[in-house]
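Asks: Take a look at this one; I'll ask things after.
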Amino acid sequence: MGWILLGLIVVAVVFAISIYNRLVAARNQHQNAFAQIDVQLTRRYDLIPNLVEIAKGYMKHEKETLEAVIQARNAAVSGLQQAKQNPGDPAAMQQLSQAEQGVSGALGRLFALSEAYPDLKANENMMQLSEELTTTENKVSFARQAFNDAIMIYNTLRESFPANFFAGWFNFNKAELLEIESEEKREAPQVSFT
């Protein structure tokens, strides 16, 4: 009888360790997926000042727009830093999402205004930066999709029985998706200077 009880305890402990390890693996997977977003957003944010500097030479009367782009970029960098602290945190994901919407809007206004400046549109550096920015936008979209997929797997695991008991005991909190609210903001900005 004692051996059977000991055997059941060992099986229960192995089962608990297995569930805990699956929760840790799922959390690490969504944190790694966020790291990929971080790489792409950092690349995007690094391109923006160069884009603004080139545009400054041509758009002398559009100072407000150029400043708005830089302010939106700085807010997004701050939002990214917050989100890096705890990927999946609802408040951080909301702040990053709003900051990203601000960057997209400011860049959209910049590119719309640049249509009025043919020399700017023809500038080789501007065309190259625009192409890099478009490519980076696409990579951000793919990274965001991978992150959201990892969040779904993690949240499903932590809410499933019996893992939900362990998730509560060991503070595996619900993680938040990184979403862009409106359909038009889900699309990468179309950048073309040809």
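The values are calculated or read from the model by the stated rules, or taken from the named source; none is laboratory data. This structure is a prediction, so every number in the text was calculated from the model and none was measured. Cβ placement follows ideal geometry from the backbone for every residue including glycine, while neighbour counts extend to all protein chains displayed.
Asks: Considering every residue within segment 18-27, establish whether at least one is closer than 30 Å to Leu120 by Cβ, touching a residue at least 60 places away in the same chain (Cβ under 8 Å) and crowded, with 17+ Cβ neighbours inside 10 Å.
Replies: Checked against the condition, which is being closer than 30 Å to Leu120 by Cβ, touching a residue at least 60 places away in the same chain (Cβ under 8 Å) and crowded, with 17+ Cβ neighbours inside 10 Å, segment 18-27 yields no hits at all.
Asks: Right, another one. Being among the small types (Gly, Ala, Ser) and modelled with pLDDT of 90 or more narrows it down to one residue among Ala112, Ala116, Ala106, Ala122; which is it?
Replies: Answer to the check: Ala106.
Asks: Can you give me the number of residues within segment 66-99 that are among the acidic types (Asp, Glu) and either within 26 Å of Phe172 (Cα to Cα) or touching a helix residue (DSSP H, G or I) at 6+ places or on another chain (Cβ under 6 Å) (or both)?
Replies: 1
Asks: Could I ask something else about it? Can you work out which of the residues in segment 132-174 that are charged (D, E, K, R) and surrounded by 14 or more Cβ atoms within 10 Å (Cβ to Cβ) is nearest to Leu47 (Cα to Cα)?
Replies: Among them, the one singled out is Glu132.
Asks: Here are Asn74, Asn86: which of them is under 24 Å from Asn155 (Cβ atoms), without any contact (Cβ under 8 Å) to a residue 12 or more places away in the chain and not small (Gly, Ala, Ser)?
Replies: Exactly one of Asn74, Asn86 is under 24 Å from Asn155 (Cβ atoms), without any contact (Cβ under 8 Å) to a residue 12 or more places away in the chain and not small (Gly, Ala, Ser), namely Asn86.
Asks: Right, here's the next one. Any residue at all in segment 87-98 that's hydroxyl-bearing (Ser, Thr, Tyr), within 24 Å of Phe34 (Cα to Cα) and assigned to a helix (DSSP H, G or I)?
Replies: Yes: one or more hits.
Asks: Here's something else I'd like to know. Of the numbered conditions (1) without any contact (Cβ under 8 Å) to a residue 60 or more places away in the chain; (2) surrounded by 15 or more Cβ atoms within 10 Å (Cβ to Cβ); (3) closer than 17 Å to Leu107 by Cα; (4) not hydrophobic (A, V, I, L, M, F, W, C), His61 fails exactly one; give the number of that condition.
Replies: (2)
Asks: From the residues in segment 102-119 that are within 13 Å of Ala68 (Cβ to Cβ) and touching a Lys or Arg at 6+ places or on another chain (Cβ under 7 Å), which one is surrounded by the most Cβ atoms within 10 Å (Cβ to Cβ)?
Replies: Filtering segment 102-119 for residues that are within 13 Å of Ala68 (Cβ to Cβ) and touching a Lys or Arg at 6+ places or on another chain (Cβ under 7 Å), the one surrounded by the most Cβ atoms within 10 Å (Cβ to Cβ) comes out as Val103.
Asks: Further question on the same structure: Evaluate segment 167-183: report whether one residue or more is at pLDDT 90 or above and over 27 Å from Gln82 (Cβ atoms).
Replies: So far as segment 167-183 goes, yes, one or more of its residues are at pLDDT 90 or above and over 27 Å from Gln82 (Cβ atoms).
Asks: Which residue, of Glu137, Glu176, Glu131, is in contact with a Gly (Cβ under 6 Å, 6 or more places away or on another chain) and either among the acidic types (Asp, Glu) or in contact (Cβ under 8 Å) with a residue 24 or more places away in the chain (or both)?
Replies: Glu176
Asks: I'm trying to understand the selection: among the residues of segment 81-112, which are in contact with a Gly (Cβ under 8 Å, 6 or more places away or on another chain), under 26 Å from Val24 (Cβ atoms) and small (Gly, Ala, Ser)?
Replies: Answer for segment 81-112, where residues must be in contact with a Gly (Cβ under 8 Å, 6 or more places away or on another chain), under 26 Å from Val24 (Cβ atoms) and small (Gly, Ala, Ser): just Ala92.
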